[in-house]
Amino acid sequence: MGAAFFYHLTDSPLEATLPMLIGKARGAGWRILVRGRDEALLQRLDDVLWQGPEDQFLPHGMAGGPHDADQSVLLGDGPSDGFCCVMSVGGAEVRADEVTTLERTCILFDGHDGAALETARGQWKVLTDAGCTAQYWAQEGGRWTMKAEK
């Protein structure tokens with residue numbers, strides 16, 4: 001049974017945190033879906049991943065290509081079938097049944113955006129009310145600290 005990890009981004013932007021989390025998930029051997037609703041955001045993240053340091057390159061692709069099933073990291077808005085981890089960005093929905101079948105679900109949200117905070121709070125409530133295990137992580141002085149677990 002998986003768990004949902006909520007990442008409250010305050011010190012580091014999504015463009016810095018997402019590659020770090022993808023690297024850790026790939027280190028565990030997981031196939032990852034970066035799920036977003038906004039095509040422009042996904043395109044920006046695609047650019048960030050292509051332009052990262054050469055020694056930390058993260059092979060990936062945008063959903064809709066001929067080799068989606070071969071991608072170890074796929075950016076899109078599709079279902080979680082065949083993935084071990086979903087990383088939700090931009091308020092993309094994650095269902096409780098996904099959380100329980102995946103190894104890990106990561107929900108990344110901008111701590112300086114009131115609407116993003118409200119969406120994350122709503123996701124926390126829906127998922128924990130459905131019986132999903134959840135952890136809330138926040139940044140303190142550049143370090144990630146678990147603040148709550150349910």
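The values are calculated or read from the model by the stated rules, or taken from the named source; none is laboratory data. These numbers were taken from a predicted model, which means no experiment stands behind them. Reconstructed Cβ throughout: ideal geometry from the backbone, glycine too, with neighbour counts over all protein chains shown. Side chains are part of the model used for accessible areas, which takes the heavy atoms of the whole protein and leaves out ligands, DNA and RNA. Shrake-Rupley method; radii C 1.70, N 1.55, O 1.52, S 1.80 Å.
Which count do you get for residues in segment 61-79 that are open to solvent by 50 Å² or more (accessible area, probe 1.4 Å) and either modelled with pLDDT of 95 or more or under 22 Å from D97 (Cβ atoms) (or both)?
4
Going by what's in this entry, would A148 be described as out of contact with any His (no Cβ under 8 Å at 6 or more places or on another chain) and surrounded by fewer than 13 Cβ atoms within 10 Å (Cβ to Cβ)?
yes
Select from segment 104-113 the residues that are closer than 11 Å to F5 by Cα and open to solvent by 30 Å² or more (accessible area, probe 1.4 Å) and list them in ascending order.
R104, the sole residue that qualifies.
Quick one: how many residues across segment 99-117 are touching a Gly at 6+ places or on another chain (Cβ under 8 Å) and not small (G, A, S)?
Of the residues in segment 99-117, 9 are touching a Gly at 6+ places or on another chain (Cβ under 8 Å) and not small (G, A, S).
Identify, from the list A116, A4, the residue that is in contact with a Phe, Trp or Tyr (Cβ under 9 Å, 6 or more places away or on another chain), within 23 Å of A148 (Cβ to Cβ) and open to solvent by less than 10 Å² (accessible area, probe 1.4 Å).
Testing whether each residue is in contact with a Phe, Trp or Tyr (Cβ under 9 Å, 6 or more places away or on another chain), within 23 Å of A148 (Cβ to Cβ) and open to solvent by less than 10 Å² (accessible area, probe 1.4 Å) leaves just A4.
Only residues that are open to solvent by 30 Å² or more (accessible area, probe 1.4 Å) and modelled with pLDDT under 95: list them for segment 119-141, please.
Across segment 119-141, the qualifying residues are E140, G141.
Quick check: is even one residue across segment 86-94 at pLDDT 95 or above, among the polar types (S, T, N, Q) and open to solvent by 20 Å² or more (accessible area, probe 1.4 Å)?
Taking every residue of segment 86-94 in turn, none turns out to be at pLDDT 95 or above, among the polar types (S, T, N, Q) and open to solvent by 20 Å² or more (accessible area, probe 1.4 Å).
Could you say whether any residue in segment 40-60 is open to solvent by 70 Å² or more (accessible area, probe 1.4 Å) and under 19 Å from G122 (Cβ atoms)?
Taking every residue of segment 40-60 in turn, none turns out to be open to solvent by 70 Å² or more (accessible area, probe 1.4 Å) and under 19 Å from G122 (Cβ atoms).
Looking at V86, V73, V94, V126, which one is β-branched (V, I, T) and touching a His at 6+ places or on another chain (Cβ under 6 Å)?
After ruling out the rest, the residue left standing is V73.
E54 - would you say it is among the acidic types (D, E), out of contact with any Asp or Glu (no Cβ under 8 Å at 6 or more places or on another chain) and at pLDDT below 95?
yes
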